[in-house]
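Asker: Provided herewith is a single structure, encoded as structure tokens, for subsequent inquiry.
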Amino acid sequence: MSADMEAAADVTIALEGGRKFRKNMTRSRIHIAMLGLLVVFGVIGARLVQLGTAETSLSAGGQARSAITASRPVIYDRNGIEMAMDIRVPSLFAEPRRIIDIDEAVEKLLPELPGVSSAWLREKLDGEEGFVWLKREMTPAAQERIFNLGIPGIDFVIESKRFYPGGNEAAHILGAVNVDNQGIAGIERYLDSEAIKVLQEFGLARDRELEPVYLSIDMRVQHALHTELVDALERYQAIAAAGVIVDVRSGEVIALVSLPDFDPNVPASALEEGRLNRVTAGTFELGSTFKTVTMAGALDSGLVSVTDEFDARAGIRFGRFTINDYRGKGRILTLPEVYKYSSNIGTIRIMQAMGKENYRAFLNRIGFDDALPIELPETKRSAIAESFSEVGAATASFGHGLSITPLHMVSAVAGFVNDGYQVPATIFMRSEEEARQLGKQIISPETSRYVRYLMRLNALEGSGRLMNQIATGYMVGGKTGTADKVVDGRYDTTKNLNAFASAFPLDDPQYAMIILVDEPKAENEQSGRTAGWNAGAVTGRVVQKIAPMLGIMPEFSDMSDAALVPVELQSIDNQTNSQGE
């Protein structure tokens, strides 16, 4: 073979070897790439299997999701007006175990969560928890934007959020719920405590459909009472005001307001200073409103008569202290005069005729020592000494030296005018038949007639005259109370808690009410600071508004007032008139 042929053969062999090498190299690279892709897809597949098989947490913050999404019952007033209801709102949560790219999730979510820091969000998402809250109670628009981001491990729970259409108007009745829709105050808290008992007893699920709840409240009356008390705060520059209206026959609370109040749609507002329920959770010295109590007890004891007279010419001394009258008459007074002139001296002598032990026992009989039976959790017991000294009994007879809740007082007044039959107060609807089974006789029907006469007399001729002028025709009667407040252990005559305890219409009693105005100022130069000018006037304005709503027709004849005068006093009046002629 020639040299040229050998050279050509070597070149051919070299070319073939190069091609084979490159071919082998290419195959090796393809195999490596395929292997790499298999590894990548294997990892992704394993992660997807992990995510697909991971259990979705059935709890959130230690709570079952069913509890979070459970509805609360709709609350209605007695006329079917909605007072509280659930609305459905989305809440954002994350399942960190399902999140693939934390950086991406933080970057996308942060603009949709105002007020949230990047560090906080990253800490929430960087973990192995099955459920963490990111934002409670969002808007549907925000839910849609976040949903469209398509972030794995981010989702929503549709929660129940409590909504109160009336806002502040029935705040202290309804109370509020927390962010987990659990009752924390008022009737909301009571309903939770009762529901738990029922669920435990019958083994029912927490998220079962709950029956609607009907309260005894009349939202028309509630609105009127709230409006007038808000006006009172401004009109008299008072620091607080409160009122409650009770059906005397059934014990149903028709309206209850305590100011300042709060918005149950913003539960945190209930924590602001002074937002307590003064009607059930506040105890006060209610001043001369207690004279109604003293008269009822003394007359019912049989030791005092409506025709008796009492010496009010001079003050009564107890050691180095002397109790006098505010603008006293300085003469002997009949029992009705003691009441209408609000004589402290005369009231003490009436209590003394009854006996301080009997008087203390009477306070117990009418429930002043008992816990309030009302369903609201916010209640307080009275502060009354177990036994009275002579001076303690004297001051207690006109409402000083002892403290009770306004609801205790209005319940007593309701019993006094309801033929002496007292029914425990309730926030729920109750028939008169049920009320009769629950009630008790605290004074006789005859004593009740005397009390109704005295209360109406005070409206016609005593400290309730302004109230009566405003509520003309509705036969309202009651007693004022102007009590000096205790400041640093001493009575401060410049700061008063004023009250007016009343009932109407007294020819056929249906409702009892008490109004409180705390530290009022004189409305103008012609008016005063005592209770008749403020608490009494508020009472008149409330009655004027609500009586037509409650179906009470005005009565302008003097015959109804004349019919309230006891027979014993009618005969005395007739004798006086005949002697004058």
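Asker: Could you sort the peptides 385-396, 135-146 by per-residue average Cβ neighbour count (10 Å cutoff), highest mean leading?
Answerer: 385-396, 135-146
Asker: How many percent of all Cα-Cα pairs in region 86-161 sit more than 16 Å apart?
Answerer: 44 percent
Asker: What percent does the relative contact order of region 220-580 come to when contacts are Cα pairs within less than 8 Å and at least six residues apart?
Answerer: Rounded, it is 22 percent for region 220-580.
Asker: Under 8 Å for C-alpha pairs, at least 6 residues apart: give me the relative contact order for region 385-478, rounded to a whole percent.
Answerer: Relative contact order of region 385-478: 20 percent.
Asker: Let's see if you can work this out: charge +1 on each Lys and Arg Cβ, -1 on each Asp and Glu Cβ, no other charges. What is the dipole magnitude of region 225-304 about its Cα centre, in debye to the nearest 20?
Answerer: The calculation lands at about 260 debye.
Asker: Sorted from fewest to most neighbouring beta carbons within 10 Å, what does the list Lys340, Lys521 look like?
Answerer: Going from sparsest to densest Cβ surroundings: Lys521, Lys340.
Asker: I've got another one for you. Among 99-106, 260-267, 348-355, what's the highest-first ranking by average C-beta atoms within 10 angstrom per residue?
Answerer: Descending mean neighbour count gives 348-355, 260-267, 99-106.
Asker: Please sort 83-90, 214-221 by packing, taking for each peptide the average over its residues of neighbouring beta carbons within 10 angstrom, highest first.
Answerer: 214-221, 83-90
Asker: Let me ask another. Expressed as a rounded percentage, what relative contact order does region 86-161 have, with Cα pairs under 8 Å and six or more residues apart?
Answerer: It comes to 58 percent, rounded to a whole number.
Asker: A further question on this structure: Near the amide H of Gly462, under 5 Å away, which other amide H atoms are found, from residues 5 or more places off or on another chain, if H is placed in the peptide plane?
Answerer: HN-HN under 5 Å from Gly462: empty list.
Asker: How compact and how long is region 322-441, expressed as Rg and Dmax of its alpha-carbon atoms in Å?
Answerer: Rg then Dmax for region 322-441, in Å: 16.4, 49.
Asker: Right, another one. What net charge do the residues around Leu497 carry, taking every other residue with its C-beta under 12 Å from that of Leu497, with Lys and Arg at +1 and Asp and Glu at -1?
Answerer: -1
Since every read-out is calculated from the coordinates, none of them should be taken as a lab result. What you see is a predicted model; the values in this text were computed from it and never measured. Don't worry about glycine lacking a Cβ; one is built from the backbone with ideal geometry, like all the others, and counts go over all protein chains shown.
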